[in-house]
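Novice: One structure follows; several queries about it will come next.
Values in this text are rule-based calculations from the coordinates and carry no lab data. What you are looking at is a predicted structure, and each value in this text was computed from that prediction instead of being measured. Cβ placement follows ideal geometry from the backbone for every residue including glycine, while neighbour counts extend to all protein chains displayed.
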Amino acid sequence: MMKIQSKMILLLLLTFTIAGCAQTNEADPVPEPGVDQGIVEPNEPEVEVKEAKGTLTGLADPHTVEIVIDGEPTAFQLGEGMQAAIAEVGENSVLEFKYEERPIEGEDTLQQRVLIEIISSAQGSEGPDTAEPKTPGDERPSVTEIELQLEGMTEQKEAELVKAADGYSLYVFDIFTFNPETGVLSMDVDPSYEVKIGQQSGDTELAQLKEEGMTKLSAFGAVEELEHDSIHDASLFLKVREEATGDSYEYIVKDMDGTWFIYEVAIPQGEPTEGFKPHAYASINTIELDQ
């Protein structure tokens, strides 16, 4: 009798053990090789490849190069193989190149620019220049992108090269119309927003130009002379604000290769003002005399 009871107890223990193993196997199935287990891979940041043209000024540090684009010094990190490529071209070389804009983690507006390819250079260090033949005075591309500060944000906007009758050229945004004969750059939405571009011989004294500017602007109120960095290397920056209307007027003088360029800027008080100024200043900063 005791033997029969012992056998029954052992049989019951064995039954419970098998049942427990079966439940464990059902609860924790072994993953099959090659089957997606639902792990979410982090999204790769978007990288945008762009092309540009500028003048190489040199290395800022062993991993960073400075290139002047439309008068603006811009820093580029050197991508793979770019240290050797940069070493082959001299300073002040004009480069056509490709670069990547990479988002910076934790920064909504800042981006890292990384030089990835030199398409051509003035010395031809990257092989034969494949660009289209250019005649004197056509050294700049017909369309380019210009960096702007709009409402605190940095943006790249496309502009088209336009030649003036007075022997210079500038890049014009699609919100403007430029008259090559009169040298007037005006806003399409409201032509009263305008820049009159004029020239004077380099023999003219800056003091005389200042006197002329003071005379013109004093008709609208008290004239201020400002230190203003919106126009690169400006020799004179005068400004007045008309009290009755809130309109502003500026008289800017800049020396360019022995020729005085004079910019008379009219900025009415109105909604387009915020967009007019950065676009107008950016266009003015691209003015170059024809070679």
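Novice: Could you compute the net charge surrounding GLY270? Neighbours are other residues with a C-beta less than 10 Å from the C-beta of GLY270; K and R count +1, D and E count -1.
Specialist: -4
Novice: What is the calculated FRET efficiency for LYS98 to ASP257, with r their C-beta to C-beta distance and R₀ = 22 Å, to the nearest 0.05?
Specialist: My answer for the efficiency is 0.10.
Novice: Just how large is the dipole of segment 156-228 about the Cα centre, in debye to the nearest 20, putting +1 at every Lys and Arg Cβ and -1 at every Asp and Glu Cβ?
Specialist: Charge dipole, segment 156-228, about its Cα centre: 80 debye, nearest 20.
Novice: Can you compute the FRET efficiency between ALA222 and ALA60 using 1/(1 + (r/R0)^6), with r the Cβ-Cβ distance and R0 = 51 Å? Round to the nearest 0.05.
Specialist: Efficiency at R0 = 51 Å is approximately 0.75.
Novice: Listed here are the pairs LYS163/LYS254; LYS98/LYS157; LYS157/LYS254; LYS50/LYS163; LYS53/LYS277; LYS157/LYS216; which of them are more than 28 Å apart at the Cα?
Specialist: Flagged as over cut-off: LYS157/LYS216.
Novice: Cβ under 13 Å from GLU227's Cβ, GLU227 left aside: what net charge do those residues give with Lys, Arg +1 and Asp, Glu -1?
Specialist: -3
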